[in-house]
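**Q** Take a look at this one; I'll ask things after.
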Amino acid sequence: MIAALYIRVSSSEQIKGYSLDAQEDLLRRYAADHNMPVYKLYADEGKSANKALHKRTALLEMVKDAEAKRFDTILFKDITRWSRRSADYFVIQDRLDKCG
């Protein structure tokens, strides 16, 4: 199973232990421990999960790569890295569901 890694941090969260480096390290260790090769790391630095989806360029690039079947699964630290708005969550999840 090939994994994509998604990390995100808003400017204010960086001091609360959500740094991009900490998230990346956690996800890379998880992938290695579970024998998952990593296709790519997608990082939205300084992006609030409350921002409009079109401003989260790494997330959108990752969804396009999922639609192109470049990886099988997505790893992220917790749901707050993915989205804080349920409407946005369902928009992205719908696109991912359609590509399997």
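The values are calculated or read from the model by the stated rules, or taken from the named source; none is laboratory data. In this text the structure is predicted, and so the values were computed from the model without any measurement. Note that we place each Cβ from the backbone using ideal geometry, even for glycine, and neighbour counts take in every protein chain shown. Just so you know, the surface numbers come from the protein's heavy atoms only, side chains and all, with ligands and any DNA or RNA stripped out. Shrake-Rupley method; radii C 1.70, N 1.55, O 1.52, S 1.80 Å.
**Q** Would you calculate a helix-derived [θ] at 222 nm for the chain, using -39,500 (n - 2.57) for each DSSP H run of n ≥ 4 and dividing by the full residue count, to the nearest 500?
**A** Theoretical 222 nm ellipticity from helices: -13000 deg cm²/dmol.
**Q** Roughly to the nearest percent, how much of the accessible area of the chain is carbon and sulfur, given a 1.4 Å probe?
**A** Of the solvent-accessible surface of the chain, carbon and sulfur hold 50 percent.
**Q** Continuing with the same structure: Where only protein heavy atoms count, and the probe is 1.4 Å, what is the accessible area per residue for the chain in Å²? Intermediate results must be reported in sequence, preceding the final value.
**A** Details: 5740 Å² over 100 residues.
I get 57 Å² per residue for this part.
**Q** Per residue Cα convex hull volume for the chain, in cubic angstrom?
**A** 85
**Q** In nm, what is the difference between 0.36 nm times the number of residues separating Ile2 and Glu45 and their Cα-Cα distance?
**A** 13.1 nm
**Q** Assigning unit charges at the beta carbon (Lys, Arg +1; Asp, Glu -1) and nothing else, what dipole magnitude in debye, to the nearest 20, does the chain show about its Cα centre?
**A** Details: 18 positive and 15 negative charges, 55 e Å.
Here the chain has a charge dipole of around 260 debye.
**Q** Here is a further query. Can you put Phe71, Phe90 in order of accessible area, largest first, using a 1.4 Å probe?
**A** Ranking Phe71, Phe90 by accessible area, largest first, yields Phe90, Phe71.
**Q** With a cut-off of 8 Å between alpha carbons and a minimum separation of six or more residues, what is the relative contact order of the chain in percent?
**A** Rounded, it is 38 percent for the chain.
**Q** May I have the count of lysine pairs in the chain with C-alpha atoms under 14 Å apart, counting pairs 8 or more residues apart or located on different chains?
**A** Summing the qualifying lysine pairs gives 6.
**Q** A follow-up question, please. Taking amide H positions as placed 1.01 Å from N in the peptide plane, with prolines and chain starts having none, which residues 5 or more places from Tyr42, or on another chain, fall under 5 Å of its amide H?
**A** Leu5, Tyr6, Ile7
**Q** In square angstrom, rounded to the nearest 10, how much accessible surface does Val38 have for a 1.4 Å probe?
**A** For Val38, the solvent-accessible surface is approximately 50 Å².
**Q** What distance in nm lies between label points placed 7 Å from Cα along the C-beta direction at Leu20 and Lys69?
**A** 3.2
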